[in-house]
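Worksheet for the structure shown next.
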Amino acid sequence: MSQQDNIAAQTAFGEAVNSGVLAALVDVVAPGSIDHDPGPGQGPGPEGYQAMFRDLRRAFPDLHVEVEHLVATDDELAFAYTITGTHRGELAGHGPTGKPVRYRGMQISRFENGMLVERWGSSDELGMMRQLGLV
């Protein structure tokens with residue numbers, strides 16, 4: 001697949017997360033996809049991403065991920081992003097604070113046949129927790 005196909009798949013992934021239509025992840029995440037930096041309890045494949053983002057969207061119903069910078073090869077994408085949202089639901093055992101958050105992260109995604117098969121990434125979760133006054 002081409003760089004543009006992989007960018008389109010990653011864009012569809014982001015749209016699913018931002019819209020909350022997480023069922024769409026099955027169209028862009030391979031069944032055995034591995035996340036090398038999973039969220040707590042996150043399993044493999046599209047179901048793992050759906051569960052992780054479902055929990056995150058419960059905590060931040062207005063969750064938005066904005067890609068800031070993207071670099072592509074034939075089978076990988078690397079990008080920096082900013083996450084924003086308002087803490088309106090439970091997060092890691094903490095009730096809602098009503099506080100807004102804004103934090104950054106980076107990710108590398110590997111694709112085969114236009115499907116995400118591996119992910120490596122990191123986001124400033126400690127910074128997010130500090131903004132919420134939870135650490």
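Looking across segment 46-93, the residues that are under 18 Å from S19 (Cα atoms) and of a type in the set (G, A, S) come down to G48, A51, A59, G85, G89.
Table: residues versus (1) of a type in the set (D, E, K, R); (2) under 19 Å from Q10 (Cβ atoms); (3) in contact with a Gly (Cβ under 8 Å, 6 or more places away or on another chain).
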position	(1), (2), (3)
G85	no, no, no
V101	no, no, yes
Q107	no, yes, yes
W120	no, yes, no
Q131	no, no, no
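Within segment 77-102, the set of residues being free of Cβ contacts under 8 Å to residues at least 60 places away in the same chain and closer than 20 Å to H36 by Cβ comprises A78, A80, Y81, I83.
As a summary of the residue check, V17 satisfies the conditions (1) assigned to a strand (DSSP E or B); (2) of a type outside the set (D, E); (3) buried (at least 17 other Cβ atoms within 10 Å of the Cβ) except for the one numbered (1). Of the set (1) more than 18 Å from F13 (Cβ to Cβ); (2) modelled with pLDDT of 95 or more; (3) aliphatic (A, V, I, L, M), all apply to V28 but (1). Which of the residues that make up segment 103-135 are buried (at least 17 other Cβ atoms within 10 Å of the Cβ) and hydroxyl-bearing (S, T, Y)? Selection gives Y103, S109, S123. Selection within segment 12-51: residues that are in contact with a Pro (Cβ under 7 Å, 6 or more places away or on another chain) and of a type in the set (A, V, I, L, M, F, W, C). The member of this set that is nearest to E112 (Cα to Cα) is V29. When residues in segment 24-57 are screened for being among the polar types (S, T, N, Q) and more than 11 Å from the chain's Cα centre (by Cα), 2 of them pass. Taking the numbered list (1) assigned to a helix (DSSP H, G or I); (2) open to solvent by less than 50 Å² (accessible area, probe 1.4 Å) in turn, T11 passes all entries but (2). Of the strands (runs of 3 or more DSSP E) entirely within segment 22-102, those holding at least 2 residues that are open to solvent by less than 30 Å² (accessible area, probe 1.4 Å) occupy 29-35, 76-86.
The values are calculated or read from the model by the stated rules, or taken from the named source; none is laboratory data. Keep in mind that this is a model prediction, so the values were computed, not measured. Using ideal geometry, Cβ is built from the backbone for each residue, glycine included, and neighbour counts are taken over all protein chains shown. Quick note on the areas: whole protein, heavy atoms, side chains included, nothing else; ligands and nucleic acids left out. Shrake-Rupley method; radii C 1.70, N 1.55, O 1.52, S 1.80 Å.
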